[in-house]
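Derivation of every value follows stated rules applied to the coordinates shown; laboratory data play no part. Predicted, not measured: the structure shown is a model, and the values here were computed from it. Heads up, the Cβs are rebuilt from the backbone with ideal geometry, glycines too, and the neighbour counts pull from every protein chain shown.
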Amino acid sequence: MNKQEFLAKLRASLHYLPQDDMEERLTFYSEMIDDRMEEGLSEEDAVSEIGNIDALISQILADVPQTKLVKENIIPKKRLKAWEIVLLVLGSPIWLSLMIAAFAVMLSLYVVLWTVLVSLWAVFVSLICCTIACIALGFYTSFSGDILQGLAIIGAGLVCGGLSVFMFYGCKAATKGVLILTGKSVLWIKSRFIKKEENKNE
């Protein structure tokens with residue numbers, strides 16, 4: 001792919017951005033290709049070094065604030081006609097209620113997800129505290145003369161310590177999964193606005 005083909009595909013894929021933002025990104029990548037060509041690379045090699053264009057477009061989409069996409073693609077750029085305003089007002093008890101309900105459900109699910117995650121980390125911290133407390137109490141009990149009970153308490157502390165190790169990796173994986181899910185959800189919401197714009201243009 002040469003420079004012109006790359007920029008043409010990038011422009012076509014970034015039509016959902018405000019004009020200034022789109023031109024800024026096109027200029028940035030154009031200059032990047034030029035810089036690499038000045039270093040001695042061929043035009044095709046300079047373009048390929050930038051990376052996969054589809055991954056690049058996805059990254060740009062992820063970086064664009066949601067409010068900017070809404071403003072550019074959802075908010076009408078022309079004045080509404082009187083009958084359109086009347087329909088919006090008359091239908092507002094229905095569509096506004098449904099929109100608020102859908103938003104509340106999604107927000108509730110998201111909060112529950114993070115609540116479960118916080119609970120898992122709380123269990124992990126509790127296991128660490130139990131480990132420290134049991135080992136300290138076990139040594140104290142052993143030095144107080146009850147060696148068997150002290151060893152049993154230390155053993156319980158070590159079991160809690162082992163469980164805390166497994167719990168840490170589980171919590172870490174769960175946190176990573178929730179963060180990935182959050183990123184994909186935001187990307188999906190943004191892509192809905194873009195597809196709406198694409199369908200309108202077709």
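Mind running the shape call on region 3-64? Use the C-alpha gyration tensor, a ≥ b ≥ c as the square roots of the eigenvalues: rounded below 1.5 for a/c, prolate if a/b tops b/c, oblate otherwise. Verdict is prolate for region 3-64. Among 129, 171, a tally of other beta-carbon atoms within 10 Å of each Cβ gives an order, fewest to most, of 129, 171. Restriction of the GluC sites (Glu not before Pro) in region 2-43 to DSSP coil positions whose beta-carbon has at most 11 other beta-carbons within 10 angstrom yields 39.
The H on the amide N of residue 17, modeled in the peptide plane, is under 5 Å from the matching H of no residue at least 5 residues off or on a different chain. Applying 1/(1 + (r/R0)^6) with R0 = 45 Å to the Cβ-Cβ distance of residue 126 and residue 105 gives a FRET efficiency near 0.90.
Give the shape of region 92-201 as rounded, prolate or oblate, defined through the alpha-carbon gyration tensor: a ≥ b ≥ c are the square roots of its eigenvalues, a/c under 1.5 means rounded, and otherwise the shape is prolate if a/b is larger than b/c and oblate if not. The shape class here is prolate. Panel order for 106, 167, 37, by other beta carbons found within 10 Å of each beta carbon, from fewest to most: 106, 37, 167. Note on region 92-201: lysine pairs with Cα distance below 26 Å, sequence gap of 8 or more or different chains, count 7.
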